[in-house]
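The values are calculated or read from the model by the stated rules, or taken from the named source; none is laboratory data. Source: prediction; values computed, not measured. No Cβ is skipped: glycine too gets one built from the backbone with ideal geometry, and neighbour counts run over all protein chains shown.
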Amino acid sequence: MVELLQYDWAMIDQIKKWLEDQGYPLEMRTASELRKAGFDVTQSELYTDQETGKAREIDVVALYPDHVGVTRLAIFLECKASKKPWLLLCDPQVLAGYNRVRSFAAVDQNAIKAMHERPVFDVLMSACPWFRKDELTGYSLRSAFSEKDIAYEATLGAAKASIDYVNGAKDYQQTVAFPVIVIASPLIRCSLDKDGEIQLEEIIEGEVFVKYDLVKPFRTCVRIVTLAGLPEFARRAWQVAGILRAQLADGEAKLWERQFSSPYPTDLRRLVEKGQERTAEETNASEIEPGSEA
């Protein structure tokens, strides 16, 4: 019996190591933080690859709770447990000439239209750093000292899952999806200083602007979050989603009335307003900041 117990403990240690190597604890921690923030979270969800038509798996999906079915806000997360540092290559002009709404997230046409209208656009600019793009944005993401380009695979996976979600929107829906990568290793921002010298800085969160020509051209930012920055990211993501939900409320009412040819129900409007009040309270209690430096 003693020998069996000793063998079992050795096997359990091996299993723990295998789980760590495969990245499962990182996925579980990511899901846990997003649930604590308030999101509805699922793991190992399938999506359809728009290029191949095959089903693929995304590690974590976080949905902003909704009782109406018109406004859909989601985060699609790939988790990578590599211990080698990731490099975010940045330049101040990365987003020059690109549409701000499209670089904010993967969005459908109804959401694009709603966010371009004022005062929605102005509120997002003033209240949401993810929309303003306060920090240096990357033009490339690399895993250092690695022969396999896992950074490219992770960005493409998160992007494709977001695209599939947006493409699944119905005519009466407005959809926003944020592609995100969570890593267990250091994230290093690489840029040039004013003298043209390479500058390296460890950060806990950043963004890379991706340009993929899939079935249709896809241009948006993918957010990269380290394990150390995960709790803050989850809190901030909840606030951003709440602000966005509130600003899309009028667009939701218009889409409802166009689809069902009837006034937007008063009880649904009250549900949305309660969500707005909660978001406002949480945002006032803890102002949203970029918080990217380690």
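Going by what's in this entry, would L87 be described as in a loop (DSSP other than H, G, I, E, B) and touching a Cys at 6+ places or on another chain (Cβ under 6 Å)?
Values: in a loop (DSSP other than H, G, I, E, B): no; touching a Cys at 6+ places or on another chain (Cβ under 6 Å): yes.
When the stated conditions are applied, L87 does not pass them.
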Task: Every residue from the range 84-125 that is of a type in the set (V, I, T) and within 18 Å of the chain's Cα centre (by Cα) - done: V101, V107, I112
Task: Checking E201 against (1) acidic (D, E); (2) within 17 Å of the chain's Cα centre (by Cα); (3) surrounded by fewer than 18 Cβ atoms within 10 Å (Cβ to Cβ), the condition it does not meet - done: (2)
- [ ] Select from the range 46-61 the residues that are of a type in the set (D, E) and surrounded by 14 or more Cβ atoms within 10 Å (Cβ to Cβ) and write down the one among them that is modelled with the highest pLDDT.
- [x] D59
- [ ] Take the residues in the range 100-115 that are without any contact (Cβ under 8 Å) to a residue 60 or more places away in the chain and over 11 Å from L248 (Cα atoms), then tell me which one is surrounded by the most Cβ atoms within 10 Å (Cβ to Cβ).
- [x] V101
Open item on the list: Only one of E282, E289 is loosely packed, with under 12 Cβ neighbours inside 10 Å and modelled with pLDDT under 65. Can you tell me which?
Closed with: E289
Open item on the list: Report every pair of residues separated by at least 6 positions or lying on different chains whose Cβ atoms are under 9 Å apart, first residue within the range 207-219 and farther than 19 Å from V176 by Cβ, second assigned to a strand (DSSP E or B) and basic (K, R).
Closed with: K211/R219
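Quick grid of which residues meet (1) closer than 16 Å to L88 by Cβ; (2) surrounded by 14 or more Cβ atoms within 10 Å (Cβ to Cβ); (3) out of contact with any helix residue (DSSP H, G or I) (no Cβ under 6 Å at 6 or more places or on another chain):
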| site | (1), (2), (3) |
| --- | --- |
| V123 | no, yes, no |
| K133 | yes, yes, yes |
| D149 | yes, no, yes |
| A161 | no, yes, yes |
Open item on the list: Suppose we keep only residues that are in a helix (DSSP H, G or I) and in contact (Cβ under 8 Å) with a residue 60 or more places away in the chain within the range 28-44. Which one would you say is surrounded by the most Cβ atoms within 10 Å (Cβ to Cβ)?
Closed with: T30
